[in-house]
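This report concerns only the one structure given below.
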Amino acid sequence: MNRAEAIEALLPQTQCTRCGYPGCRPYAEAIAAGSAEINQCPPGGAAVIGRLAALLGRAPLPLNPVHGTEGPTLLAQIDEQACIGCAKCLPPCPVDAIIGARKHVHTVVAELCTGCELCIAPCPVDCITLIARPPLPPPPEPAVNRLRYTAHTERLERRARERAALLEARKRLASTES
Ligand code: SF4
Ligand code: SF4
Ligand code: SF4
């Protein structure tokens, strides 16, 4: 792993561009080349600055406010009543967290959204907002767990039976050929 790769591995990968570069990789390359400081990534905040400083043997710096401030992770939310289905929010999303076809309501897959904000500006009707990311959803109900466990064990048993039958067939074939 070269220096830029080692730096990139410490960055949050939201590709939000707030560091002033078109993504985490170009920012990592700029740090490695000495043309960018280690304190330009608001999503990473003090934690990432500390890790970069340790990697590069430098003193940590405070986050440069020119690039923004550190805050809670956000989640994009689309007002489905207002969405006109123009699909302009799809291309800017770096992690394909928005789903929807042209002329249909779009929605954000919460599990995938990094809160990078890149979908906000392209929306012509301002129906995307950022909210504080809620805590993880509660685990599935016991009945759902049970159904999933039953399906899981049935699949394992079926595969074991299929493997045993295949082995038996191969043995029979080998004995007829010898
Ligand atoms: S600000 Fe941080 S997370 Fe955003 S693109 Fe730059 S390095 Fe990546
Ligand atoms: S849905 Fe919006 S905020 Fe979330 S990752 Fe995509 S572009 Fe970023
Ligand atoms: S840009 Fe706005 S109006 Fe267009 S599809 Fe996305 S959320 Fe809906």
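A few comments on the model shown:
- Test: residue in segment 134-141 that is within 16 Å of ligand 1 (Cβ to nearest atom) and touching a residue at least 12 places away in the same chain (Cβ under 8 Å): no
- Scan of segment 76-93 for residues that are in a loop (DSSP other than H, G, I, E, B) and closer than 17 Å to residue 13 by Cβ, ordered by number: 92, 93
- So residue 86, is it without any contact (Cβ under 8 Å) to a residue 40 or more places away in the chain and either in contact with a His (Cβ under 8 Å, 6 or more places away or on another chain) or closer than 20 Å to residue 109 by Cβ (or both): yes
- Segment 48-75: number of residues that are part of a helix (DSSP H, G or I) and surrounded by 13 or more Cβ atoms within 10 Å (Cβ to Cβ): 9
- Extreme residue, farthest from the chain's Cα centre (by Cα), among residues of segment 94-109 that are surrounded by 14 or more Cβ atoms within 10 Å (Cβ to Cβ) and in a loop (DSSP other than H, G, I, E, B): 105
- Residue check for residue 114: assigned by TED's automatic domain parsing to the domain that holds residue 135 and away from ligand 3 (no atom under 16 Å from the Cβ): yes
- Residue identified as in contact with a strand residue (DSSP E or B) (Cβ under 9 Å, 6 or more places away or on another chain), under 20 Å from residue 17 (Cβ atoms) and not aromatic (Phe, Trp, Tyr) among 113, 127: 113
The values are calculated or read from the model by the stated rules, or taken from the named source; none is laboratory data. Please read these numbers as outputs of a predicted model, since none were measured by experiment. Methodologically, a virtual Cβ is constructed for each residue, glycine included, from the backbone with ideal geometry; neighbour enumeration extends over all protein chains shown.
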